[in-house]
Amino acid sequence: MNILGISAFYHDSAAAIVVDGEIVAAAQEERFTRKKHDAGFPQHAVAYCLEEAGLHPDQLDFVAFYDKPMLKFERLLETELAFAPSGIRAFVMAIPVWLREKLTMRRMIRNGLPGKTKSPLLFMDHHESHAASAFFPSPYEEAAILTLDGVGEWTTTACGVGRGNRIELYRHLQFPHSLGLLYSAFTYYCGFKVNSGEYKLMGLAPYGTPVYADAIYKHLMDLKPDGSFWLNMDYFNYCQGLTMTNRRFDDLFGGPPRNPETSIEQRHMDLAASIQAVTEEVVMRMGRDLHERTKMRHLVLAGGVALNCVANGKLLREGPYDDIWIQPAAGDAGGAVGAALFTWHQLLDKPRSTNGRDTQKGSFLGPAFSQEQIRNFLDRKGVQYTCIDDEQAHAEYVAELLQQEKVVGWFHGRMEFGPRALGARSIIGDARSPKMQATMNLKIKFRESFRPFAPVVLQEHAHRWFQMREGQESPYMLLVAPVLERHRVAISHEELEKMSRDPDLRQRVNVVRSSVPAITHVDYSARVQTVDRERNPGFYRVMETFYKMTGCPVLVNTSFNVRGEPIVCTPEDAYRCFLATEMDALVLENFIVLKSQVKEGVVDDETRAEYLAQFQLD
Ligand SMILES: [Fe+2]
């Protein structure tokens, strides 16, 4: 039985195909259209999923959409009525779009599907899609479920239980009381983009002190012991206006919102630290309460807030659960997988078995390209390359480049599903190099970031480098853990001063504070991804070879893109990005292209500026 899941029309559209209960393929539309967070109908992603599964559109048994558009419309209407007349402006702007597009969703989806398929179209509940995406692919037979996001139809948080092939959600928080929207309000106020800059705010938090946490509890929210809360809507504008926060919010936190791209002050760092602390407290309380009610040993998470890997790491270390599994595409893209799996298990009552491993396949669910396709592409371009078919010789070649502090574009196997690059479309480098952070930021990503890069570590070495239990996995880069004391280095008085006071955050983050400085944040934390042989053997081999050469099982891993660009999908995308940046080498499966060998095509400053200009700043 073939079920196509679709998430679309809000943020980060995606498609997924589930064949007889197995996730065969999943991809976000942005990777094909090269438009970040593309919210249009995912026609390319749908076409890819069908092709990967070898299906004609007629062979689809069901098409499952990830939420219920009519309920969303109802929320909009009722919110307008509750806040009229001040909400009228937002309402008047939104309603023609809704009337034109969202209420005719059924027709839009049908028109978007190839081949005018007649298969039944099902609409899931938004948080049931999130919950299904978290529980059904998880390695657990039974688990507590927590979904947290901005808002679906009405729900912003849902709690429940998954057992075997069924999930049951029994407690909900409803709009406008939303942890996701609260975090987004601070993201907006601190000058970052809502729905994508939340990750930056989380990265800014370690520079600050949570001095505003008390003000948040006192004025903005009424937080209960079980983690549920009411927000005081006097401070927010998202129900009635076109901004997240209002004047009263400004007054409480000492001024107007920060303009994007302007300097970041200590106040913003403290605000980031404060909302992060509050978020962690809410997640901890919810997690504990859910554990008391369900007595489950395991917890699964999804929804945009589940991408807050600092809160996840804390919940795992300090919370009541033996283990936690988080859907890697925790945001709305993952709803496509959830909707399809919900149809299979819950609606069709198909059994589910577990064997201790998750069924997300490392989230390597996107397109792969054959050696022949890559060779043809490179030959067509007239690019000089080295092809190494022997796996070990190939790994040694790449590890050698890394040891020479080269920055390597690594393109291998099926593309990742979800926002993180996990070793299929990654840029990698030597984490020990003190200059790696600055090089990657300025010459590769073209951003001036205050955030360090994420580490990849060989699974069996993770607990020797980071505060993690032996055997603890983090294959999806969704858990933050501190770098162990033994790998930290003594910091001189002068550097300490720089670390705490320098107004230029890049100077602070560049202070060497561990033997792997490129991945160590100012508070010694790191967004850990563990790499195992089973999920990604090719990447594992390179890391293992690097470890044998250097004694270091850690590399820097960042997504294969420049600032604002969706992660590369095809060899063409990767080659274009390679040429536009100062990347030293490009590994396209068995083919290795060195920048020093590329005679033509390396772009000048003007062409590079043009390349960068096509992507909106994120
Ligand atoms: Fe959502």
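Ordered by solvent-accessible area of protein heavy atoms (1.4 Å probe), largest first, the residues Arg527, Arg513 come out as Arg527, Arg513.
Is the C-alpha gyration tensor of the chain telling us rounded, prolate or oblate? Criteria: a/c under 1.5 is rounded; beyond that, a/b larger than b/c is prolate, otherwise oblate. Don't jump to the answer; show the numbers that get you there.
Values: a/c = 1.43, a/b = 1.14, b/c = 1.25.
Note, shape of the chain comes out rounded.
In this entry, the range 284-417 is assigned a mean projected area of 13.0 nm², taken as a quarter of its C-alpha convex hull surface.
Within the shell defined by Cβ-Cβ distances under 13 Å, the residues around Ser184 carry a net charge of 0, with Lys and Arg each +1 and Asp and Glu each -1.
At q = 0.17, 0.20, 0.28 Å⁻¹ the log10 of I(q)/I(0) for the range 370-415 amounts to -0.62, -0.84, -1.18, computed by Debye summation with a single uniform scatterer per C-alpha, solvent ignored. Surface composition of the range 528-594: carbon plus sulfur atoms contribute 44% of the solvent-accessible area (1.4 Å probe, protein chains only, all chains present).
With q set to 0.13, 0.16 Å⁻¹, the log10 of I(q)/I(0) for the range 117-201, from the Debye formula over equal scatterers at the Cα positions, is -0.52, -0.72. In the chain, taking the dipole from charged Cβ atoms about the Cα centre, the farthest positive-side position among Ala395, Phe591, Ala213 is held by Ala213.
So what is Rg over Rh here for the range 127-261, counting just Cα atoms and using Kirkwood for Rh? Please list the in-between numbers first.
On the way: Rg = 16.7 Å, Rh = 16.4 Å.
Expressed as Rg/Rh, it is 1.02.
As a length-normalised measure over Cα pairs under 8 Å and 6 or more apart, the relative contact order of the chain settles at 15 percent. Of the residues Leu479, Phe446, Leu458, the one whose Cα sits farthest towards the positive end of the charge dipole of the range 440-516 is Phe446 (charges of +1 on Lys and Arg Cβ, -1 on Asp and Glu Cβ, taken about the Cα centre). For the chain, the membrane-span-like helix rule (DSSP H, alpha carbon extent of at least 27 Å along the helix axis, mean Kyte-Doolittle at least -1.0) picks out 266-294; this says nothing about an actual membrane.
In this structure Ser370 has an accessible area near 50 Å², from a 1.4 Å probe over the protein heavy atoms. Charge dipole of the chain (Cα centre as origin; +1 on each Lys and Arg Cβ, -1 on each Asp and Glu Cβ, all else neutral): 500 debye, rounded to the nearest 20. Taking the 1.4 Å solvent-accessible surface of the range 399-454 as the whole, the part contributed by carbon and sulfur is 49%. Residues Ile264, Ile216 ordered from highest to lowest accessible area at a 1.4 Å probe: Ile264, Ile216. Take every DSSP beta bridge whose two residues both sit in the chain; close to 70 percent of them are antiparallel. Helical content of the chain, expressed as a calculated mean residue ellipticity at 222 nm, amounts to -10000 deg cm²/dmol (DSSP H runs of 4 or more residues, -39,500 (n - 2.57) each, divided by residue number, nearest 500).
Take Cys387: with every protein chain present and a 1.4 Å probe, its accessible area is about 50 Å². Surface listing: Arg110, Arg420, Arg533 arranged by accessible area from highest to lowest gives Arg533, Arg110, Arg420, probe 1.4 Å. Surface analysis of the chain yields an accessible area of 39 Å² per residue, using protein heavy atoms and a 1.4 Å probe.
Taking a ≥ b ≥ c as the square roots of the eigenvalues of the Cα gyration tensor of the range 472-618, is the shape rounded (a/c under 1.5), prolate (a/b larger than b/c) or oblate? Verdict is oblate for the range 472-618. Pairs spanning more than 19 Å between alpha-carbon atoms, out of Lys314/Lys498; Lys35/Lys116; Lys314/Lys435; Lys381/Lys595; Lys295/Lys361; Lys36/Lys381: Lys314/Lys498; Lys35/Lys116; Lys314/Lys435; Lys295/Lys361; Lys36/Lys381. Counting only protein heavy atoms, what percent of the accessible surface of the range 137-277 is carbon or sulfur at a 1.4 Å probe? For the range 137-277, the apolar C and S fraction of the accessible surface comes to 51 percent. Shown is the FRET efficiency for Asn111 and Glu460, computed with R0 = 45 Å from the Cβ-Cβ distance and rounded to the nearest 0.05: 0.35. Computed with a 1.4 Å probe over protein heavy atoms only, the accessible area of Phe192 comes to about 30 Å². Computed on the range 282-406, with alpha-carbon pairs under 8 angstrom and 6+ residues apart, the relative contact order is 18 percent.
Could you work out how far the C-alpha centroid of the range 380-415 sits from that of the range 279-342, in angstrom? With the range 380-415 and the range 279-342 each reduced to a Cα centre, they are spaced 37 Å. Rounded to 0.05, the FRET efficiency of the Arg501 and Glu372 pair, given R0 = 45 Å and the Cβ-Cβ distance, is 0.20. Residues within the reach of a label modelled at Ala609 (point 7 angstrom out along Cα to beta-carbon, backbone nitrogen below 20 Å), restricted to the range 437-455, are 442-448.
Rg and Dmax of the range 1-74, based on Cα coordinates, read 12.4, 39 Å.
The values are calculated or read from the model by the stated rules, or taken from the named source; none is laboratory data. Note that the structure is a prediction, hence the values are computed from the model and not measured. Glycine gets a Cβ as well: all are built from the backbone with ideal geometry, and neighbour counts include every protein chain shown. Quick note on the areas: whole protein, heavy atoms, side chains included, nothing else; ligands and nucleic acids left out. Shrake-Rupley method; radii C 1.70, N 1.55, O 1.52, S 1.80 Å.
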